[in-house]
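We did not get these values from a lab; they are worked out from the coordinates using the rules stated. Only a predicted model underlies this, so the values are computations on that prediction, with no experimental measurement involved. All Cβ positions, even for glycine, are placed from backbone atoms using ideal geometry, and neighbour counts span all protein chains on display.
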Ligand SMILES: [Zn+2]
């Protein structure tokens, strides 16, 4: 009512406080303190599980023979060939992710069922508009 936000505590404090009031700025400051910095590890291992612990090898099991499979059996490795060299990555291309999550194979040609290849990434809005216009498609979603 007065522009403040009420935060109701799960457990009242010893002094009986059940609700804390924040202004919008105070609430954002409190919430932003909970957001970890970019690229920060969210799980830290200590003691014998620490990355450089002397006994770690004796405690942590060896990765399975097929370490390229996640527990569901999906491949977590991706290999692509560039300039005759095969590069293996744990990064999974978006088409494989779409296939895994939505069961939509966006790389299958709808006409002949052969595999399609990405030949270009077009990011200029003017070019995208021209291509959509050529295909008689609207630039804006319905
Ligand atoms: Zn085709």
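Before moving on, here are some points about what is shown:
- Residue 131 versus residue 41: modelled label distance in nm, points set 7 Å from Cα along the beta carbon direction: 4.1 nm
- Distribution of pairwise C-alpha distances over segment 1-60, 10 Å bins, in %: 17, 24, 21, 19, 16, 3, 0
- Compactness of segment 78-134 - radius of gyration and Dmax, Cα, Å: 14.7, 39
- Modelled this way, with points 7 Å down the Cα-to-C-beta line, the labels at residue 80 and residue 58 are 4.4 nm from one another.
- Residues residue 98 and residue 11, FRET efficiency given R0 of 35 Å [Cβ-Cβ distance, rounded to 0.05]: 0.20
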